[in-house]
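> Would you mind keeping the following structure in view while I ask a few things?
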Amino acid sequence: MQQIEEAILRGDLRPGERLPSERDLVQQFSVSRATVREALRVLQSNGLVRSRAGDPAGAEIMPFSPATLQKSMTTLARLSELTLAELIQFRMLLDATANLLAAQLRTEEQLAEMDAALQVMRDSVRLGYEEFSRADVAFHDAVARASGNRLLQVCNQVVRSVALTLIAEKIAHALDRTAQMEESITHHAEVLEAVRAGDGAAAARIARQNLYDYYVSYVPEDERAFLRALLDPDQGSGGADTGPSPTPTRTGR
């Protein structure tokens, strides 16, 4: 069934279209019904098709979903084919680019969205980490939307989720989350100020430095150079490259 997957990825088969029935696929590819069913199961597991039991029509081609990309990247990370350093380095690039574009392209309405998300972050400190984290995500999504690039938004959502999943256990043992949430608010306010001023270079620089400071202690020492390579020479390491803390105090970002 590799031919079907390739046709979907090429766009020859469009979302909403139907594959031939199981019987027709058996005849078309000269394979057993069990082989066809297993192939459809894999395609469905990968989010490419939807097949309903008892449906006389063939499997339906599904539209692209961020959840599909997230699942693939999570699998890669879990299989150690992607390191945390690679994920964070990519996120530094994504965030910096989104900030750079947003500073040049944002509308007043989009600035208002960022303002609103930042205010919710401030209000959520007393409500706890879960509420704060949702507001944090909303702020990043607002900036990504202002960049005008939907792929940036999707990739940022996926990379953020995968990276945080890999360090979730350490985050769960955070002690002083309130202080960390306050620090995060300060950093987001700096980004918003640069975006509002149209200073894309500053907005990008702030993103890279903040993400470096946040994640570096979780990255093995021999891989930290991959992150430092994205910092401007005058940024330094922010004093954060001191090795992993036995009791991490960071909130989700």
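The values are calculated or read from the model by the stated rules, or taken from the named source; none is laboratory data. This one's a predicted model, so the numbers in the text were calculated from it and none came from an experiment. For neighbour counting, all protein chains shown are included, and Cβ atoms are generated from backbone atoms with ideal geometry for every residue, glycine included. For accessibility, only protein heavy atoms count, side chains too; no ligands or nucleic acids. Shrake-Rupley method; radii C 1.70, N 1.55, O 1.52, S 1.80 Å.
> Report the label-to-label distance for Gln104 and Leu9 in nanometres (one decimal), using points 7 Å from each Cα along the Cα→Cβ vector.
Distance between label points: 3.1 nm.
> Here's a follow-up. Listed highest first by mean packing, meaning other Cβ atoms within 10 Å per residue, what order do 150-156, 93-99, 104-110 come in?
Most protected by this proxy first, the peptides run 93-99, 150-156, 104-110.
> Seen from all sides and averaged, what is the projected area of the convex hull of the Cα atoms in the chain, in nm²?
Average projection, Cα convex hull of the chain: 16.6 nm².
> Here's something else I'd like to know. Loop only per DSSP, at most 16 neighbouring Cβ atoms within 10 Å: give me the trypsin sites (Lys or Arg not before Pro) in the stretch 26-56, ordered by residue number.
In loop regions of the stretch 26-56 (DSSP not H, G, I, E or B), the sparsely surrounded trypsin sites (Lys or Arg not before Pro) are Arg52.
> Please give the solvent-accessible surface of Val125 in Å², to the nearest 10, using a probe radius of 1.4 Å with every protein chain present.
20
> Which FRET efficiency value, to the nearest 0.05, is calculated for Asp123 and Glu60 with the Förster distance at 35 angstrom and r the Cβ-Cβ distance?
0.25
> Still on this structure, I have one more. I'd like the carbon and sulfur percentage of the solvent accessible area for the stretch 100-222, probe radius 1.4 Å, heavy atoms only, ligands and nucleic acids excluded.
Within the stretch 100-222, the accessible surface is 51 percent carbon and sulfur.
> Looking at the stretch 1-91, which chymotrypsin sites (Phe, Trp or Tyr not before Pro) are DSSP coil and have at most 13 other C-beta atoms within 10 Å of their C-beta?
Listed in order of number, the matching sites are Phe64.
> In nanometres, what is the gap between the two model label sites at Thr165 and Asp222, each 7 Å from Cα along Cα-to-Cβ?
Rounded to a tenth, the inter-label distance reads 2.7 nm.
> Can you list which of the DSSP-assigned H helices in the chain have a Cα extent of 15 Å or more along the long axis and an average Kyte-Doolittle score of at least 0.0?
Helices passing the filter in the chain: 84-105, 150-166.
> Quick check: pseudo-label points 7 Å beyond the Cα along Cα→Cβ at Ala189 and Asn46, how many nm apart are they?
Roughly 4.8 nm, to one decimal.
> Quick one: how many Å² of Glu81 are accessible to a 1.4 Å probe, rounded to 10?
Only protein atoms counted, so the area is about 120 Å².
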